[in-house]
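What follows is one structure encoded as structure tokens, with my remarks underneath.
Please treat every number below as a calculation from the coordinates, not as lab data. Owing to the predicted nature of the structure, the values given are computational and were not obtained by experimental measurement. For neighbour counting, all protein chains shown are included, and Cβ atoms are generated from backbone atoms with ideal geometry for every residue, glycine included.
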Amino acid sequence: MGAEDPLYGITRLDNEAAGTHGWQVRLQRKGVRHARFFSDSAAGGRDESLRRAAQFRDRLLRRLEDPGESVRVHTLTVRNTSGMVGVCRVVNVSAKGVEYISWQATWSPEPGRRKSVRFSVTLYGEEEAYRLACEARLKAVSGERE
């Protein structure tokens, strides 16, 4: 929930020109942004404004927490052209204009971390590179180790 990092979702804002000093809580869930500013002067000091910001953040996280979302389940959207969630075709162009085409599998092993693996179309061919990317994605999401 943020217990690992005491400042998770909290940022210090000090703007001398505007005379603004305090802590900003910013979280986003399901595309909705939640934010609130905690002024040092209104709270009676820097430590108290941080305490209030952390308290607000913790209440907000509890309110926004969805027990069914401990593991994020992705579904296909209209933007997906590969037919497999977390798998996409990647085309990189070098400085000399050479194209490198691959199929990439992407997943999140834990909140805040993202991993990916690519399979070269030149090396494996279009169909096999796609198959390997899909297989890698499924293994990673199901927690299998290689």
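A compact table of results
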{"item": "Dipole in debye (nearest 20) - region 87-142, about Cα centre, beta carbon charges: Lys, Arg +1; Asp, Glu -1", "result": "280 debye"}
{"item": "Under the Debye formula (equal points on every Cα, no solvent term), log10 I(q)/I(0) of region 87-142 at q = 0.17, 0.18, 0.19, 0.25 Å⁻¹", "result": "-0.55, -0.60, -0.65, -0.91"}
{"item": "Two-decimal ratio, region 10-69, of alpha-carbon radius of gyration to 2.2 N^0.38 Å", "result": "1.25"}
